[in-house]
Amino acid sequence: MIFHPINMDNWARKPYYEHYLNHTRCTYSMTANIDITRLLAELKSKGMKLYPALIHMITATVNGQIEFRTCLDAQGRVGYWDSMSPSFTIFHEEDKTFTALWTLYSEDFHDFYNRYLEDMDKYGKVQQFSAKTNEPPNTIPISSIPWVSFSGFNLNVFNEGTYLLPISTIGKYFRQDGRILLPFAGQFHHAVCDGYHASLMFNGLQARADNCKEWLS
């Protein structure tokens with residue numbers, strides 16, 4: 001993993017970044033339904049799980065856009081990671097708590113899927129907030145609320161408002177007009193992501209769902 005500091009003097013986004021970080025600190029949320037009809041059918045035909053497929057889709061979409069990988073490093077420098085890995089939540093039915101678990105990303109879905117299964121086998125039943133140590137700094141948070149087909153979701157992060165990476169939340173899929181739709185909510189920081197960039201997240205996920213046979217083959 002490599003962090004690339006941004007030269008502020010040559011950065012076209014500098015005035016927007018400074019405005020939405022230093023003058024009017026602003027984050028926003030967007031929720032839309034992703035059509036997973038083809039994706040779910042393909043996964044079921046292969047006997048594969050939906051959650052890791054969605055995690056991979058989200059991470060692949062993030063890795064395809066610099067704005068989604070832009071953040072502040074430990075020294076407070078703004079820049080972007082060359083790639084991200086997912087940090088995702090696992091629910092424990094026994095006590096209704098969850099664990100945050102991370103898996104090293106691979107562009108190849110089958111490689112990632114096997115890593116996910118290995119991590120789940122090793123850490124999936126560990127009932128504590130963080131089960132797997134040494135989480136790298138280049139991770140993105142992904143969570144799931146599979147009990148509600150929400151139509152809107154807003155996550156409030158009460159810190160200094162400098163967390164710039166997107167935060168993803170998945171809802172319960174449902175059937176409508178012969179299609180299977182999945183609520184997906186993205187939380188974005190306006191300093192690095194405008195509405196246009198947010199649209200790339202949703203459109204990118206839909207494209208990957210539509211073309212699932214290509215990366216699931």
**Item:** Surrounding net charge for residue 20, when Lys and Arg each add one and Asp and Glu each subtract one, Cβ distance under 15 Å
**Value:** -1
**Fill in**
Dividing the mean separation of Cα pairs under 8 Å (6+ apart) by the residue count of the chain yields a relative contact order in percent of 32
**Message:** Quick check: from the Cα gyration tensor, does the range 109-217 come out rounded (a/c under 1.5), prolate or oblate?
**Reply:** rounded
**Request:** Please report, as a whole percent, how much of the solvent-accessible surface of the range 56-192 comes from carbon and sulfur atoms (probe radius 1.4 Å).
**Result:** 50
**Asked** With labels modelled as points extended 7 Å from the Cα through the Cβ direction, what inter-label distance (nm, one decimal) is found for residue 83 paired with residue 151?
**Response** 4.0
**Request:** Please give the calculated 222 nm ellipticity per residue for the chain, where each DSSP H segment of at least 4 residues contributes -39500 (n - 2.57) and the sum is spread over every residue; nearest 500 deg cm²/dmol?
**Result:** -9000 deg cm²/dmol
**Complete:** Pseudo-spin-label distance residue 24 to residue 215, built 7 Å along Cα→Cβ, given in nm, is 3.5
**Request:** Please work out the FRET efficiency for the pair residue 175 and residue 129, using the Cβ-Cβ distance as r and a Förster radius of 22 Å; give the result to the nearest 0.05.
**Result:** 0.05
**Prompt:** Going through the range 137-217, which trypsin sites (Lys or Arg not before Pro) have at most 16 other Cβ atoms within 10 Å and a DSSP loop state?
**Reply:** 172
**Complete:** With 0.36 nm assigned to each residue of separation and the Cα-Cα distance removed, residue 91 to residue 72 gains 3.9 nm
**Request:** Among 47, 171, 152, determine the one that fluctuates most according to a GNM of the chain built with springs between C-alpha atoms less than 10 Å apart.
**Result:** 47
**Prompt:** Are there GluC sites (Glu not before Pro) in the range 37-146 that DSSP puts in a loop and that have at most 13 other Cβ atoms within 10 Å, and which ones?
**Reply:** 93, 94, 107
**Asked** Stretch residue 108-residue 2 to full length: gain in nm at 0.36 nm per residue minus the Cα-Cα span?
**Response** 36.2 nm
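The values are calculated or read from the model by the stated rules, or taken from the named source; none is laboratory data. Here the structure is a predicted model, which means the values were calculated and not measured. All Cβ positions, even for glycine, are placed from backbone atoms using ideal geometry, and neighbour counts span all protein chains on display. Remember, those area values only see protein heavy atoms, side chains included, never the ligands or the DNA or RNA. Shrake-Rupley method; radii C 1.70, N 1.55, O 1.52, S 1.80 Å.
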